[in-house]
Amino acid sequence: MRLPLSCAPHYRDRDNPNNIGRNDAMGEFSLTAIDTLSSLALMSDSSDLDAERFWETVGEVVRIYWYNEPKECDMVIENCGEKTSSWGRFHNRSRESRGFDIDAKVQVFETTIRILGGLLSAHLFATRSLASLPVGVQPKYEYKDELLDLAYDLGLRLLPALTESPTGLPYPRINLRYGSVKEAASDEITETCTAGAGSLVLEFTTLSQLTGDLQFQEAAKRAFEAVWNRRSDLGLFGGGVDAESGLWNGPVGGVGAGMDSFFEYAFKAFVLFAGDEFGEDSWFWKVWEQSSEAVRTHMRMEIPTMWWSNVHLGTGAPVQGASSWTDSLSAFWPGLLAASGEIEEATRGNMFYSALWSRFSALPERWNFRTGSVEGGLGWYPGRPEFAESTYMLYRATKDPWYLYVGEMIMRDLKRRCWGKCGWAGLQDVKTGERQDRMESFWLGETWTYLFLLFDEDHPLHKGDDPWVFTTEGHPIILPKSKHRIRSPGTYPAPPLSCPNPAPTSIPFFSTTASRPDVFHASHFTRLHLLPKTPPTKLSPLQPSDLDIYAENSYFWSPSNSTFYPWTLPPYLVSPDSICSRLPALDSFDLIFPQPKARLSSASGSSDIFGATTAGIVKRVQGGISISGSMRGVRMGMTNEHGILRITNIGGTSLGKSEIVFLEDKVIDKSGATMDPNFQIVLDHEYVDLLIQYADDIRAAKREEELKQVPIIPETKTALGELLSRLGFTSLETQLNDLLSLYNDDDDRGDEATPTSTSSPRLHAFAGIIPTGIGAVDIPTTTPVFTNIYTLRNPACTPIQPNGIPKTAQVLIVPRGTCAFSQKLQHVPSFIRLVIFLDKSASAPQDLVRPLLDKENEYGTVAVMVAGGGKGWEREVGSLTLRRRWSVWVKDIRVGNVVVL
């Protein structure tokens, strides 16, 4: 291929094999020709000329790479002034070999999605498995599945990168001729990316199903699972992972560069493998549901518009400072949401990228959402297709004309800024319009393909319901019905195989999106409204028809002064009775506790409820931040979210949406704190927490410790500390790590607790409701750990026989029903210290009704009731303690993510 501006030939950097920025995708093969075969096939439906070009290009690729017939120039190398891409195909090799026997080290991911995917898609078009090629245009030769043969040859050469990895994660690069994934261990880069490891499954499985050789799909599935199994506890993925150690190379997760197509292939694999009784692979749907929900929970931002932030893998906290950016690759996400049926979320997300494109007439590689400017000088745009892809997907889902005008804006901006004499040039700087003398193969293979299909309503691919998908490189693929489909690797409930039709708009003559009340929120977020209102020179506003696509650095001025976006949008598509909603803003503030000072003398009669002389100790722990010692010097950032306050940062350290702030038991005098209206701690008089360990877990842990010859030595400090010491947890940090599941909400989390070590019994937490009435006994703030628990099978409505319960029993579990709670309590022996009423008709704490104890409690026995309809209470309880709940209030608004231990 030739460079778009200078028209000079462009090929692999043969003098510097380590130039991975150029050589990763260029492997001495006809990259652009193969990557755009499917684009020619798609456009052939409306153009016989494109159909002829498709068959001609297929013939050239097959002639050179399968039948070893070089171009005339290549046959006499010394007389060839311009060494073409196919020159390397014949350099230092036997003319008897076929396929991709080329001495070139390439990136596995890029070669798979561009070349392998391109060959497979073109083969499916050539064999009419995908409809588009007109029947009236036939090749001048007999097609004998040579593209599939080439794909198989290439697949075999790429396969060692997957099979030779100790983790299943593919090595990032491989030599096509020698199969070497490592040339020199000290110099080899073993870091791959989440997208690169997880985005092989579509191409490799299609290759397996078309050839019958299942080793490809097995290796790709192993790589996909290797990524999935390395997700954090929050279900998040990093951008880079080491293929040998399996460890993440950084703590930042997102949906953009390095991670994007893993999510894409989770959803599309389900679609591709569906279609008959053997192909419904709902395991991939489970992966998609769980991973997209993690993105929705931890990354999605909604103020002032919908967008997705980078977050910390382990905490879910938004990444501040140098990572306060979003990148152009993440523009694919709204399209994927639209394909999966999440139309409202997708619509709001696409509005953000539409406004950002309107501001720069392209998408910068990175945009800083805090400063509103290009991030770190990364202002280039190489022709990426993700925004065009999302626009196409949303139009197919909604048929809103808004997206047609967004597509028109993209096309006109690209023509105006990127067209060169010999191709499409990327932008080096979206602000100045400086161009790159380089044309990526995805310009034609993806960007213009999606834009073409956006306006081709009657294309055959838009008809019917066959489960075809676009690969991440924009190649349509399908598993022909005659081929065997893979079976589901597990049993999971399958989602519906079809979605309801788009709801008809209530304003059929206007654009629903253009008439939304929040349409200007995105333009405000991207600072579109801050663009100059008048041109710097005496120019009139340009209409779409006025743009000179051949003029270099032609000036552009939005016809509506950037009031409306896209700038191609006709004003008549906005409903005349549309209204604008108020711009949402974060209701945020900081709560600052006084700095340490000398303790006041007792003569003053004053007391210091925040700790007198020492500053608070703030420490990050798994699942949140702990504060111990005192509250002195602590600064809390808070945000009001739907009437509940959430602590978003402590002293500048951000917290994730699911993270908790743990206040150590004596960090505040609870009785005194209620006197401060800005920070009140209130005892919960309705619910209490039951912390339990199961008997079989205790026995298993004890056996494991005995094998290690490490005795279990309980340490008694507090009731909670005693239990946790029995469990093997001796530090506050370890206690907090295992107690996280209790405090995320008010639901029981007993079946979700996770041990902190293999030898520690699991700690489970259940919510119990406190009785009311004259027989109710106050539960102390600290209670001992009970180890003798007895479960009664009858409802205790008659006196319990003396030999019916061991006298060593401390806790009695009694089924609810048959008689009143007070009657049950009267029949409980005096040595019982705690009675647990088990309501098997309730499956969650909110289903419980407070028991009424309307008679005197003779022995002062403490009682609670728990929901027994869920999991957990069918197992034998080995140890148990009660823990009171405290809530924190700031100016009469509850703080939702703080726990007082």
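No value in this document is a laboratory result; all are computed from the given coordinates. Computed from a prediction, not measured in an experiment: that's the story for all the values here. Here the Cβ is made from the backbone with ideal geometry for all residues, glycine too, and neighbour counts use every protein chain on show.
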Query raised in the report: Quick one: length gained pulling THR371 to THR791 fully straight, 0.36 nm per residue minus the C-alpha distance?
Result: 145.0 nm
Requested in this report: Please arrange MET351, MET439 by counting, for each residue, the other beta carbons lying within 10 Å of its beta carbon, fewest first.
Outcome: MET439, MET351
Report task. Mind ranking 393-404, 306-317 by how tightly packed they are, going by the mean number of other C-beta atoms within 10 angstrom, highest first? Result -> 306-317, 393-404
Query raised in the report: To the nearest 0.05, how large is the calculated FRET efficiency for THR818 and LYS891 if R₀ is 51 Å and r is the Cβ-Cβ distance?
Result: 0.60
Report summary line: Quick calc, ASP145 & LEU378: beta-carbon distance into FRET formula, R0 45 Å, rounding 0.05, result 0.55
Query raised in the report: If you count, for each residue, the other Cβ atoms within 10 Å and average over each peptide, how do 618-627, 768-777, 257-266 line up from highest to lowest?
Result: 257-266, 618-627, 768-777
Query raised in the report: If each of GLN801 and ARG14 carries a label point 7 Å out from its Cα toward its Cβ, how far apart are those two points in nm?
Result: 9.7
Report summary line: For the table LYS105/LYS268; LYS105/LYS221; LYS221/LYS268, the rows whose alpha-carbon distance is greater than 20 Å are LYS105/LYS268; LYS105/LYS221
Query - Rough spin-label spacing in nm, given labels placed 7 Å along Cα→Cβ, for THR563 and ASP587 - result: 3.3
Query raised in the report: Once both labels are modelled 7 Å past Cα along the beta-carbon direction, what's the TYR67-ASN640 spacing in nm?
Result: 7.6
